[in-house]
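J.: Right, I'll just put the structure down here and ask away after.
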Amino acid sequence: MTDWTISTLGEICKKGGGSIQTGPFGSQLHESDYQQEGTPVVMPADINNGLISTRRIARVSENHVQRLKRHKLKLGDIVYGRRGDIGRQALVRDTNVGWLCGTGCLKVTLGSAAVSSEFLHRYLSTQSVIGWIEGQAVGATMPNLNTGILERVPVIFPKAIETQQKIAAILSAYDDLIANNQRRITLLERMAEDIYLEWFVRLRFPGHENVARDRGVPAGWNVCSLGDVLELCYGKALKDEDRQSGTVPVYGSGGVVGAHSTSLVDGPGIVVGRKGNVGSVFWSERAFFPIDTAYFVRSAASLYYLVFLLRSMNFINNDSAVPGLSRQQAYSNKLLFPPNRLIEDFTAKVKVLFDAKRVLSEQNEVLKATRDALLPRLISGKLSVNALDIHFPPGMVEAG
């Protein structure tokens, strides 16, 4: 592979006039500096699947941004978390420019390096590189990443920038398809939730104008307790070392935490967080295995209705040491339960949306598997792209 070369991340940055630097120290940026509005500050928890999530991102005012301007993110920078899941990194895109690299993160700036930032981002996502970084990490209990480790990361790349761009473009095409499907999934979820809110919260269900009400309660509706409607069943302990290779999703209180060869509950089903992420509610289309930090739901009522009912409830923590949800506590919640006919009509409507969502999710699984299988072959040069007529899309990121 004479048309490929090897270097280190540190050398690439140095030649391009870039740098690898840590985010501000805790003494420079305090928790009290964060606010609801302002410039986002990227923390390790905000790095997810190669992107920067703004779901819970912290923000600071402009005076802090100016004070910490050396930590501002530029187009094509790569941000790493310094602790915990240290192989996790994200590429800075147009929407992230001007944000701050936060405490607990490292910022890689390529400058004018002869390496595509899109290609490098993909290269650093390979399991071989992540494994190398994890093997170099310091700290017995909590792995830590530092600038020295990142500077030593070996990087193998094509000498021709066009080849790098072609590889990045192929992988980005898969990401674009996945992202488009995910947007459609989100839209379907919102549509189903809107129907639930309209019918069962605002009480504007079909024919509501012709239904008599007593103190606001429509005729045929009953005030009851959650325990009258469903049963919360305990999950089963399943240690990491006891899990066997398989495709059955394993659910904890925070969602999917792994996979196993056998299931405990047939799908579709509902998982409710019991310890840790109390009252979290997850839907599984396929058979699944809930562990002992979660409940699963049994009920004669429609699960398509119950998943929205549970998500609308505010489960209060009653365990001072470890956040927990007792069944008695959950069962005592009062609710207004609709007639079976209305639940059946609702189920018929939203099941169509759930089925469409399932198809898109399955498509994404295939796309991700194909992309992940291509990634190491493209990045290593085993699969040549030289003969392919692929051009670098204008909207893709490049360091400059």
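The values are calculated or read from the model by the stated rules, or taken from the named source; none is laboratory data. Just so it is clear, the model here is predicted, and its values are computed rather than measured. Cβ sites come from the backbone with ideal geometry, for glycine too, and all protein chains shown count toward neighbours.
J.: For region 227-269, list the strands (runs of 3 or more DSSP E) that sit wholly inside it and hold at least 3 residues that are assigned by TED's automatic domain parsing to the domain that holds VAL297 and farther than 11 Å from PHE296 by Cα; which are they?
T.: Answer list for region 227-269: 248-252, 255-260.
J.: Here is a follow-up. Using the structure shown, decide if LEU75 is in a loop (DSSP other than H, G, I, E, B), modelled with pLDDT of 95 or more and out of contact with any Cys (no Cβ under 8 Å at 6 or more places or on another chain).
T.: yes
J.: Residue by residue through region 135-159, note down the ones that are assigned to a strand (DSSP E or B) and either of a type in the set (Val, Ile, Thr) or without any contact (Cβ under 8 Å) to a residue 12 or more places away in the chain (or both).
T.: The answer is VAL138, VAL155, ILE156.
One line per residue, one yes/no per condition, for (1) over 26 Å from ASP176 (Cα atoms); (2) assigned by TED's automatic domain parsing to the domain that holds ASP194; (3) more than 22 Å from the chain's Cα centre (by Cα); (4) in contact (Cβ under 8 Å) with a residue 12 or more places away in the chain:
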| site | (1), (2), (3), (4) |
| --- | --- |
| PHE282 | no, yes, no, yes |
| PHE288 | yes, yes, no, yes |
| ALA294 | yes, yes, no, yes |
| LEU306 | yes, yes, yes, yes |
| ASN333 | yes, yes, yes, yes |
| THR347 | yes, yes, yes, yes |
| LYS368 | no, no, no, yes |
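J.: Still on this model: What about ARG70, is it part of a loop (DSSP other than H, G, I, E, B) and either touching a residue at least 24 places away in the same chain (Cβ under 8 Å) or out of contact with any strand residue (DSSP E or B) (no Cβ under 7 Å at 6 or more places or on another chain) (or both)?
T.: no
J.: What pairs come out if I take residues in region 171-197 that are part of a helix (DSSP H, G or I) and pair them with residues that are surrounded by fewer than 13 Cβ atoms within 10 Å (Cβ to Cβ) whose C-beta lies under 9 Å away, six or more apart or interchain?
T.: Every condition considered, the pairs that remain are TYR174/THR370.
J.: Taking the stated definitions as given, is ASN96 buried (at least 20 other Cβ atoms within 10 Å of the Cβ) and assigned by TED's automatic domain parsing to the domain that holds LEU29?
T.: Criteria met by ASN96.
J.: Now, a different point. Step by step: first the residues of region 11-38, then only those that are in contact (Cβ under 8 Å) with a residue 40 or more places away in the chain, assigned to a strand (DSSP E or B) and surrounded by fewer than 20 Cβ atoms within 10 Å (Cβ to Cβ), then the one that is farthest from the chain's Cα centre (by Cα). Which residue is that?
T.: My answer is GLY17.
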